[in-house]
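Below: one structure, written as structure tokens.
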Amino acid sequence: EDGNGEQKQREDWLKGQVNRLKERCRELEEEREKWRIDEELLREELDRTPSLVKGGSNDELVQQLNESLLEKSFLTEKNAALLEKIEQLNKELDDLKEGGQGQIVREDSSRSLGIEVTGEDLEGLNQFDGFSIGVERPSFVLTNLNLNTALSEEQMEINCNLEMARELIDEDDVFYLISYLNKEFSADAEAIGHKFPLRVDISEIFYACKSGVLLCKLVNKSHPETIDERVIALNPTNEEVLENFNLCIDSCKSIGCTIPKDLDLDRLLIGAACEHLLQILWTLIRSILVKKINIYACPDLRKLALESDSGDELVTMSPELLIIRWVNYHLKTATHLKIKKFDDDFSTLDVFSHLLEKIHELPCPYMKLFDPNERIDAFIQSFSETFTNSCVFINANGLLHRNPKMVFAFLANLFSLGTGLEGGEVKEEEENYEGLHSKATDAEREAEVLKLWLNSLGIEPPIVDVVTDLGDGLFLLKVFDKLNPGSVDWSQVATKTPVPKFKRLQNANYAFQLAKVMKISTMIGISGVDLESGNQKMTLAFVWLIMRYHIQLMLMAISSSDIAITDTEVLAWA
């Protein structure tokens, strides 16, 4: 009877996997059908368009059609792979029904059963966790299954979810995260409660982050002392795991890291939301990488100013755009190389090699190799040997296909190793950036305090930069509605993002009108233009007044009074 119960549990688990994969096949079939319709529409458009138009051609339509055909081909291959997996699982299910024992074909077979050992560890073992194991590489046969002790129902669900995640998540999107975590947290393996180095697999990230400890440590690495490490539960119970995750999520919001809106911790903890876990990790790692990619931390960036730039262009520019400018600045001598975005059609290895040669004066003998894979492998090895304490972030596949996050992570890391901008002549039009660095400390400190306050209000999405993220007025209008519900007439607000420039100014002016009605601001000479254009001084002053108003509301609520508490009364109490 016990054997029949164990076999029934095994059958249910396999059926669950089959059903999940069939559902994924249906989704892929629907997506392929959508691409087929798009393809037909593009063909019709192509037929209606003359092959030659005055001074041009229909190359753009041809390119769209080719992209559509490639995507359709990719989905067909993906669907075929899933159907093959279903057939394999069905065969395993039939074997289990006939003989009472199943065969799992997998190089790292133990992962399917939730056992954290590799195939090499299993060789030579006769007994493990209640069942006999006969190893035949690359597969092994399990007999005398004791699923009650070896595999819980929750663990089976986690395994199914992780198996689906492997099918859906690109391995390259796991590689650069694993690369960083191995470099930075190997010394904390005992506190994190997971063995390092991590293998390049989504399950490794899941189990390393499952306690919440690693995520909390990553928050503190991004913004030191955000979390008091004494309140992080090490070796946590189930309840303490939830506390760790809530601590991490609240801290992420307070420092301006974007958290997925539909994040469900219950699903995350059973491996059903691995894409959200990767998103949180990338947001935190990105915030670490971009710390010094701004005009305050690196005044030499003013050399990247163009003649067409306005005075504050580089101050408000995102780290991604600054990195692109920095790369192109060094590529000026290589006329055939230039990038516009990180997944653009450019020779990634040529760009990286040129930067290393120009900034660090490193020879690039590997560029003479004929085989592209050999060139890439030699480049990665050369970089690792030269910068032994630096994270690599890249692999051959990511380089060949220009994975945008991987390319950005590598370039941001390369920027931290040396900008190549030191010294040289500063142009006259760049002199207005002089003195910014001396003011950076006070301005950044004030901006950080205001950002923490704004994000503490729980408004989504959280802001990352007080000056640039408030330019469209939308976030501040949400703040007003939070402080005084119903005070904002949303029919007058442009809410669709990204907000066009004219609508941004309209939203910003409406925010200043409400501030006057609510008697928040009495400032003269400030308007929506200052907010929309990213005027740092005026923006910080305006936000400070809103924070002061919020504190007054809280004090009035505590004192049960309808009269605003004055500064004099607060100072007298203090």
Does the range 256-377 come out rounded, prolate or oblate by the C-alpha gyration tensor, with a ≥ b ≥ c the root eigenvalues, rounded set by a/c under 1.5 and, if not, prolate when a/b is larger than b/c and oblate if not? oblate
The pairs in 303/368; 221/501; 22/210; 210/340 lying past 30 Å Cα-Cα in this model are 303/368; 221/501; 210/340
Let a ≥ b ≥ c be the square roots of the eigenvalues of the Cα gyration tensor of the range 211-283; is it rounded (a/c under 1.5), or, if not, prolate (a/b larger than b/c) or oblate? oblate
How far is it, in nm, from the label point at residue 541 to the one at residue 263 when both lie 7 Å from their Cα along the line to the Cβ? 3.6
Which listed pairs, of 34/496; 253/503; 217/341; 217/253, have C-alpha distances above 24 Å, in listed order: 34/496; 253/503; 217/341
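What order do you get for 254-262, 391-399, 485-493 when each peptide is scored by the mean count of other beta carbon atoms within 10 Å, highest first? Could the numbers behind the result be given before it?
Values: 254-262: 16.7, 391-399: 21.1, 485-493: 11.3.
Packing proxy ranking, top to bottom: 391-399, 254-262, 485-493.
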Round to a whole angstrom and tell me the spacing of the C-alpha centers of the range 242-298 and the range 516-564. 29
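Rule-based calculations on the coordinates, nothing more; no lab input. These figures come from a predicted structure and were not determined experimentally. Cβ sites come from the backbone with ideal geometry, for glycine too, and all protein chains shown count toward neighbours.
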